[in-house]
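The structure appears below as structure tokens.
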Amino acid sequence: MNSIIFGIIFWVLLLGMVWLVRPGSGLMRVTMERWNAAHIMVTVLVLAALIGSSSFLMTLCPMWNGEITAQLMEETEARAAENASATGEEEWMKNAAASMSSEDPDTDPDRCAIKNKNQYELMADALLKGQIYLEYGDMDRRLLQMPNPYDTQARRAMGVRYHWDHAFYKGRYYMYFGVVPVFLLFIPFKLITGASLTTYHATQVFVGMSIIGLFLFFRLLSKRFFPKLSFAVYLFLGAAVSVTSMVHCVAKPAMYMTAFSSAFCMEIWSVYFYVKAVWATDNEHENRAIFRAFIGALFGALAFGCRPSIALGNLIVIPCLIVFLREHKFSGKMFLKLVAAASPYIIIGALLMLYNYARFENPFEFGQSYQLTVADQTAYGSLLSRLSPRGLLNGATYFLTRSEDLTAAFPHIVEGGVFYTYPVFGVGLFALTNKKMRSAIRANKFVLFLLGGIFTIGVIIMMDIVWTPYLLGRYREDMMWLLGMLVFLSVGMRYTDGSVGNTSESVAEAEAAGVPARVAEPCEEAKEFSSAICLLSIYSMIVCAFVFVQLDMKHFLPEQIELIKKIVGAMTFGL
């Protein structure tokens with residue numbers, strides 16, 4: 001009976017949502033043009049729901065949230081004392097404990113990553129002690145004696161014990177993940193509270209700030225360029241881009257995804273301030289634009305100390321700079337202002353290179369070449385030697401269009417390429433085929449930005465292909481945040497009249513003067529497109545929920561898995 005009731009509630013809510021976003025509904029006629037307190041309140045509620053649910057989901061899995069160590073110790077002691085047979089949760093704990101204490105760290109990379117998930121916490125402690133390396137006190141002398149300690153097969157054959165996914169150089173362990181999150185969150189938290197910040201909490205902070213940054217950026221674009229965009233599209237597409245871009249961060253919120261989420265956060269805010277500097281600042285406020293560009297450069301530079309591949313998103317600054325220089329007279333004074341705006345790249349870049357040199361005697365080495373992982377990355381050779389048309393094509397297919405069959409095992413859905421798994425991205429970019437939209441992009445000088453974004457996505461995918469032992473699903477998130485931004489831009493441009501500066505300020509000015517402002521009604525084609533985008537956004541978020549479960553299945557406790565199955569079963573009325 002409970003399943004039937006829950007299923008009815010779920011389908012009533014889902015079908016009600018579908019009904020609300022139909023082309024002729026009143027909700028779809030509410031545009032961004034008349035942004036008011038009600039819009040703000042609804043947006044804040046949506047943000048609270050997204051941030052709250054993502055933060056809550058990160059707490060569920062004890063393999064990531066810091067609870068597993070205590071549970072393992074407790075279960076191990078209980079089994080030793082009682083010598084009882086392990087069943088259910090105990091069996092799961094037994095397997096996890098065996099994996100974590102295995103002589104062969106390469107048998108289960110995910111479990112080995114979990115064992116070493118506190119690297120940021122340890123790095124904060126190390127820096128506060130005045131050292132840049134991690135000191136464990138359990139160095140296996142055989143690792144020091146190996147002619148090539150990065151040879152995975154040799155380590156396995158010798159049974160060498162080592163710390164997974166650490167950089168190892170001249171007898172010392174280093175954290176190869178970017179150090180910026182340590183300075184932004186872990187060290188301040190330690191100094192203020194005296195306790196170590198659990199890594200997944202940092203991911204919660206970065207994901208939350210990323211979602212806020214995305215919505216502010218979409219609001220900026222809507223206000224400046226397409227105020228006739230449906231408010232529902234703003235909400236649903238913003239939510240879909242947020243959820244799909246960060247599903248791996250939510251599913252596995254420690255270590256790897258702390259690097260990802262911190263880089264997302266820096267880059268999202270960087271692009272926001274760059275666009276605000278170039279397109280949302282009047283020509284007479286040149287110094288204001290320079291200051292905003294400085295903030296954008298600060299966030300962009302920090303991204304290199306989080307995850308360099310995501311930091312390649314800084315390439316988007318090039319089209320922004322070109323558009324800016326076309327609108328402002330270049331002079332010696334302007335050159336000095338631009339240098340000042342770019343100073344964070346110079347200062348932070350120099351500090352990061354000094355940090356790299358102090359560790360690896362190479363200012364451009366972040367530690368990946370010396371990583372103890374599934375492959376010997378010191379043998380990769382030059383970048384050009386790893387480039388091949390076949391490899392690039394296969395990689396692009398993996399990231400964008402690869403399809404995956406439904407599986408017999410729960411939850412049945414497996415994440416594939418972005419356009420296959422989350423079709424709202426593909427349909428959104430399809431808006432580029434609209435002639436009116438292309439005219440609007442040209443009129444508002446967004447051609448270079450759009451092309452620059454597409455080029456940047458290609459560069460990020462290429463770097464992931466040539467710099468990693470093999471492709472993993474989480475690498476898609478290196479560029480999905482930027483792809484989501486371009487999708488929102490291409491969708492939004494469907495709702496302009498092709499004029500320059502098509503903003504909502506004119507409405508506000510008319511109302512202030514006591515003159516009724518005309519609010520243009522979107523055409524039928526635009527209404528239908530709005531509904532399609534909203535429906536595909538809902539679909540993508542539902543799929544994302546299944547992807548979340550699929551990613552974390554082996555890390556949930558048995559009772560958690562049973563609860564998830566009951567919830568999904570209830571959605572189908574217990575069938």
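The values are calculated or read from the model by the stated rules, or taken from the named source; none is laboratory data. If you're wondering where the values come from, they're calculated on a predicted model, not measured in any experiment. No Cβ is skipped: glycine too gets one built from the backbone with ideal geometry, and neighbour counts run over all protein chains shown.
Do the conditions hold for Ile290, that is, is it surrounded by fewer than 21 Cβ atoms within 10 Å (Cβ to Cβ) and under 30 Å from Glu121 (Cβ atoms)?
Against the criterion (surrounded by fewer than 21 Cβ atoms within 10 Å (Cβ to Cβ) and under 30 Å from Glu121 (Cβ atoms)), Ile290 does not qualify.
Look through Ser309, Ser343 and report the one residue that is surrounded by fewer than 18 Cβ atoms within 10 Å (Cβ to Cβ) and of a type in the set (Gly, Ala, Ser).
Just one listed residue meets the conditions, Ser343.
Just to be sure I understand the filter: pairs with C-beta atoms under 7 Å, separated by 6 or more residues or on different chains, first member in the stretch 549-572 and closer than 22 Å to His248 by Cα, second member small (Gly, Ala, Ser). Which pairs pass?
Leu551/Ala251; Asp552/Ala251; Pro558/Gly88
Given the options Arg161, Arg172, Arg156, Arg219, name the one that is within 30 Å of Ala440 (Cβ to Cβ) and basic (Lys, Arg). Spell out the reasoning first.
On the way: Arg161 fails: within 30 Å of Ala440 (Cβ to Cβ); Arg172 fails: within 30 Å of Ala440 (Cβ to Cβ); Arg156 fails: within 30 Å of Ala440 (Cβ to Cβ).
Of the residues listed, the single one that is within 30 Å of Ala440 (Cβ to Cβ) and basic (Lys, Arg) is Arg219.
Could you look through the stretch 383-438, keep only residues that are more than 19 Å from the chain's Cα centre (by Cα), small (Gly, Ala, Ser) and not in a helix (DSSP H, G or I), and pick out the one that is farthest from Met541 (Cα to Cα)?
If we take residues in the stretch 383-438 being more than 19 Å from the chain's Cα centre (by Cα), small (Gly, Ala, Ser) and not in a helix (DSSP H, G or I), then Ser388 is farthest from Met541 (Cα to Cα).
Would you confirm, using the coordinates I've provided, whether Val547 is at pLDDT below 85 and more than 27 Å from Leu450 (Cβ to Cβ)?
No: the conditions fail for Val547.
Can you pull out every residue in the stretch 401-422 that is surrounded by 15 or more Cβ atoms within 10 Å (Cβ to Cβ), within 22 Å of Leu237 (Cα to Cα) and not hydrophobic (A, V, I, L, M, F, W, C)?
Across the stretch 401-422, the qualifying residues are Glu415, Gly416, Gly417, Tyr420, Thr421, Tyr422.
Go through (1) buried (at least 18 other Cβ atoms within 10 Å of the Cβ); (2) modelled with pLDDT under 90; (3) more than 26 Å from the chain's Cα centre (by Cα) for Phe360 and report which single condition fails.
Phe360 satisfies all of (1) buried (at least 18 other Cβ atoms within 10 Å of the Cβ); (2) modelled with pLDDT under 90; (3) more than 26 Å from the chain's Cα centre (by Cα) except (2).
Considering only residues that are free of Cβ contacts under 8 Å to residues at least 12 places away in the same chain and in a loop (DSSP other than H, G, I, E, B), look in the stretch 177-233 and name the one that is surrounded by the most Cβ atoms within 10 Å (Cβ to Cβ).
Ala195
Pull out all pairs, ordered by first then second residue, where Cβ-Cβ is under 6 Å, the residues are six or more apart or on different chains, the first lies in the stretch 390-413 and is among the aromatic types (Phe, Trp, Tyr), and the second is modelled with pLDDT of 85 or more and not in a loop (DSSP other than H, G, I, E, B).
Final answer for the pair search is Phe399/Ile461; Phe399/Arg476.
Restricted to the stretch 525-540, and to residues that are buried (at least 18 other Cβ atoms within 10 Å of the Cβ) and closer than 22 Å to Asp405 by Cβ, which residue is farthest from the chain's Cα centre (by Cα)?
It comes out as Leu536.
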